[in-house]
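Please read the structure below before turning to the comments.
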Amino acid sequence: MKDAPRPLLNSSYRKKMWRNAKAILEDIEKVIPISEAHLMGSFTTKKRRPADVDFILLLKTPKGSGHWSIDLVIAPDNGEGEHVLEDAKKWMKQKYGAKKSGFFRLK
């Protein structure tokens, strides 16, 4: 996988963030075949301290396969991860309404 463009790695904070994100993607690629990875979101802007690194991953699928896309958020299992969960719950309620949205723990 290529590195992010140099202008995006202009601080130690961004370099560390990119290094960690790239390592996670490389681990994912060992299990799930990725054909393309696209960097997007606040990390691609001039924002001084982006909160995360957003990707769109295109997975290799057999020809004629009807696989559907999913949204996946990867967060650490610490206080930061809990913050991400709470933020997602609030966003779902705001977007879809408290009675029309659900949030279920599967594992």
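Bear in mind these aren't lab numbers, they're just calculated from the coordinates by the rules spelled out. Everything numeric here is computed off the predicted structure, so don't read it as measured data. Here Cβ is always computed from backbone atoms with ideal geometry, including for glycine, and neighbour counts include all displayed protein chains.
Return the total of residues in the stretch 27-42 being within 20 Å of LEU8 (Cα to Cα) and of a type in the set (D, E, K, R).
Kept after step one, since they are within 20 Å of LEU8 (Cα to Cα), are these residues of the stretch 27-42: 36-42.
Within this subset, residues satisfying the condition of being of a type in the set (D, E, K, R) are 36.
Residues in the stretch 27-42 being within 20 Å of LEU8 (Cα to Cα) and of a type in the set (D, E, K, R): 1 in total.
Would you say GLY102 is more than 22 Å from MET1 (Cα to Cα) and loosely packed, with under 10 Cβ neighbours inside 10 Å? So GLY102 passes the test.
For first residues located in the stretch 73-99 and surrounded by 10 or more Cβ atoms within 10 Å (Cβ to Cβ), partners that are assigned to a loop (DSSP other than H, G, I, E, B) and lie 6+ apart or on another chain with Cβ distances below 6 Å form the pairs GLY81/ALA75; VAL84/ALA75; LYS89/PHE103; MET92/SER101; LYS93/SER101. Looking only at residues of the stretch 50-72 that are touching a residue at least 12 places away in the same chain (Cβ under 8 Å) and out of contact with any helix residue (DSSP H, G or I) (no Cβ under 9 Å at 6 or more places or on another chain), we find that the one that is surrounded by the most Cβ atoms within 10 Å (Cβ to Cβ) is LEU59. Scanning the stretch 39-46 turns up at least one residue that is surrounded by 10 or more Cβ atoms within 10 Å (Cβ to Cβ), at positive phi and free of Cβ contacts under 8 Å to residues at least 60 places away in the same chain. Say whether the condition of being within 13 Å of the chain's Cα centre (by Cα), within 30 Å of ARG6 (Cβ to Cβ) and in a loop (DSSP other than H, G, I, E, B) is met by at least one residue in the stretch 28-51. For the stretch 28-51, residues within 13 Å of the chain's Cα centre (by Cα), within 30 Å of ARG6 (Cβ to Cβ) and in a loop (DSSP other than H, G, I, E, B): present.
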